[in-house]
Amino acid sequence: MSKLSIVVFSGTTDKLLSVGVLSQAAAAMGTEVRLFVTFWGLLGFTKGEKKMILPKEFESMGPALMEGMKREKVSSWYDMVKEAKEFGAKVYACSMACGVMNIKKEDLDPIVDDMVGAATFLQEAEDGQMLFI
């Protein structure tokens, strides 16, 4: 696979962990990686502390998840995405979703490379594998 593009729609920790694992692994393998963060996914990519947010049905499992990650020395989703960026991955915030949610460029975490529209992201994603998380 030469190109992996991930639409990051969810901001829950369980889904962001998948984004981190897949983007880090693909980038380390030399795959071109692009993340397009939109709507609820944007909540994890704004400035500030990265709190664990789990779906209602998994909330009680939060402490066990954190303990397991610590025991297995698993990095946070944020650190995985940062490492993917060290391998060349790009993180884009959806400009339309930012407008709808009143998120300004200065509100975004420095891990975000730019705000772009869907058409720009789709052009970059062309001829590659796309995932929706």
Filtering region 62-103 down to residues that are over 27 Å from A119 (Cα atoms) and surrounded by 12 or more Cβ atoms within 10 Å (Cβ to Cβ) yields G62, L65, M66, M69, V74, S75, S76, D79
Scan region 105-133 residue by residue and report those that are surrounded by 15 or more Cβ atoms within 10 Å (Cβ to Cβ), small (G, A, S) and assigned to a loop (DSSP other than H, G, I, E, B). G128
When residues of region 75-104 are limited to those that are in a loop (DSSP other than H, G, I, E, B) and out of contact with any Leu (no Cβ under 8 Å at 6 or more places or on another chain), the one nearest to Q24 (Cα to Cα): F87
Residues being over 10 Å from the mean Cα position of the chain (by Cα) and among the β-branched types (V, I, T) - total across region 31-60: 4
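Looking only at region 1-29, count how many residues are free of Cβ contacts under 8 Å to residues at least 40 places away in the same chain and either touching a Pro at 6+ places or on another chain (Cβ under 7 Å) or at positive phi (or both).
Summing the residues that are free of Cβ contacts under 8 Å to residues at least 40 places away in the same chain and either touching a Pro at 6+ places or on another chain (Cβ under 7 Å) or at positive phi (or both) in region 1-29 gives 0.
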Within region 16-34, residues being within 22 Å of A118 (Cα to Cα) and either β-branched (V, I, T) or modelled with pLDDT under 95 (or both) number 3
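Do we find a residue being loosely packed, with under 13 Cβ neighbours inside 10 Å and part of a loop (DSSP other than H, G, I, E, B) anywhere in region 17-35? Full working, then the answer.
The first filter runs over region 17-35 and keeps only residues loosely packed, with under 13 Cβ neighbours inside 10 Å, leaving 29-30.
Restricting the remaining residues to those that are part of a loop (DSSP other than H, G, I, E, B) gives 29-30.
So far as region 17-35 goes, yes, one or more of its residues are loosely packed, with under 13 Cβ neighbours inside 10 Å and part of a loop (DSSP other than H, G, I, E, B).
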Limited to region 17-34, what total is found for residues that are within 13 Å of Y92 (Cα to Cα) and out of contact with any Asp or Glu (no Cβ under 9 Å at 6 or more places or on another chain)? 1
Find all pairs meeting these conditions: Cβ atoms under 8 angstrom apart; at least six residues apart or on different chains; first residue within region 68-85 and more than 24 Å from V37 (Cα to Cα) and at pLDDT below 95; second residue aliphatic (A, V, I, L, M) and part of a loop (DSSP other than H, G, I, E, B). G68/V74
So L43 fits all but one of (1) without any contact (Cβ under 8 Å) to a residue 60 or more places away in the chain; (2) not in a helix (DSSP H, G or I); what number is the exception? (2)
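The values are calculated or read from the model by the stated rules, or taken from the named source; none is laboratory data. Everything numeric in this text was worked out from a predicted model, so none of it was measured. Neighbour counts run over all protein chains shown; Cβ positions are idealised from the backbone, glycine included.
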